[in-house]
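Asker: Got a structure for you, questions after.
The values are calculated or read from the model by the stated rules, or taken from the named source; none is laboratory data. Bear in mind the structure is a predicted one, so any value in this text is a computation, not a measurement. Note that we place each Cβ from the backbone using ideal geometry, even for glycine, and neighbour counts take in every protein chain shown.
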Amino acid sequence: MIRTTTRRSPWAALMVLLLFLFAATGCGPSFDVVTPDDMVELERDRHSYVAMTYDGVVVRGSVYAQGERADVPGAAHEFWVNATRERMRLRAGYALLDEQEVRSADGHLGTRLVFGRDQQDSPYVYWITLFTTEDHLHIIDAGGQKDRFEGVRDSVEALLASYEVR
């Protein structure tokens, strides 16, 4: 029986450790956001975020890699704005009330679409904020019954103003 030994470089062990750490922490897009005191954070990882108030106003954020899935093709910012506007109007029955240019806390240019709709005799408000990078789509939506939403509007605006595209 012939035995062979292979000497491994200390760099090989370091590379294995680094690969493990990257896999464990995830690599790819992320974001940062500050949850206001009058909201509770329900979920946060590198690609999603959910917070809500005690009376049901919810803010949700998601990051999608463009081009990796058939339902998230690689596209320009204006494509996503148009697609969102039309989907909300035609398929979800929301009326577009306002559209404005916004900037993330770290300077990325984006678009906020403000929608409204009556559900079971109550008016609802729904904001969708979109940021796109070359490789990723960031969608932050906030909504709830109009009177409840207006009561925490400053907190929703502060949360959205704190959003960083990374």
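Asker: Within the set of pairs 6+ apart or on separate chains, which have a first residue in region 127-145 that is touching a residue at least 12 places away in the same chain (Cβ under 8 Å), a second that is assigned to a strand (DSSP E or B) and among the hydroxyl-bearing types (Ser, Thr, Tyr), and C-beta atoms under 6 Å apart?
Answerer: Pairs that qualify, where the first residue is touching a residue at least 12 places away in the same chain (Cβ under 8 Å) and the partner is assigned to a strand (DSSP E or B) and among the hydroxyl-bearing types (Ser, Thr, Tyr), are LEU130/THR111; LEU137/TYR64; ILE139/SER62; ILE140/THR129; GLY143/TYR126; GLN145/SER122; GLN145/TYR124.
Asker: Further question: Any idea which of GLY143, GLY107 is surrounded by fewer than 16 Cβ atoms within 10 Å (Cβ to Cβ) and not in a helix (DSSP H, G or I)?
Answerer: Only one candidate qualifies: GLY107.
Asker: Anything in region 119-149 that is more than 24 Å from ALA70 (Cα to Cα), out of contact with any helix residue (DSSP H, G or I) (no Cβ under 8 Å at 6 or more places or on another chain) and at pLDDT 95 or above? List them, or say none.
Answerer: Once the filter is applied, which keeps residues that are more than 24 Å from ALA70 (Cα to Cα), out of contact with any helix residue (DSSP H, G or I) (no Cβ under 8 Å at 6 or more places or on another chain) and at pLDDT 95 or above, region 119-149 yields GLY144, GLN145, LYS146, ASP147, ARG148.
Asker: Look through GLY61, GLY74, GLY93, GLY67 and report the one residue that is among the small types (Gly, Ala, Ser) and surrounded by 15 or more Cβ atoms within 10 Å (Cβ to Cβ).
Answerer: GLY61
Asker: A follow-up question, please. Which one is nearest to ILE128 (Cα to Cα) among residues in region 76-91 that are among the hydrophobic types (A, V, I, L, M, F, W, C) and free of Cβ contacts under 8 Å to residues at least 40 places away in the same chain?
Answerer: ALA83
Asker: Can you tell me which residue within region 66-85, out of those that are among the small types (Gly, Ala, Ser) and out of contact with any Pro (no Cβ under 7 Å at 6 or more places or on another chain), is farthest from VAL156 (Cα to Cα)?
Answerer: That would be ALA70.
Asker: Same structure again: Within region 66-76, identify whether any single residue is more than 24 Å from SER30 (Cα to Cα) and touching an Asp or Glu at 6+ places or on another chain (Cβ under 8 Å), and answer yes or no.
Answerer: No, region 66-76 has no match at all.
Asker: Yes or no: LEU159 touching a Pro at 6+ places or on another chain (Cβ under 9 Å) and touching a residue at least 40 places away in the same chain (Cβ under 8 Å)?
Answerer: So LEU159 passes the test.
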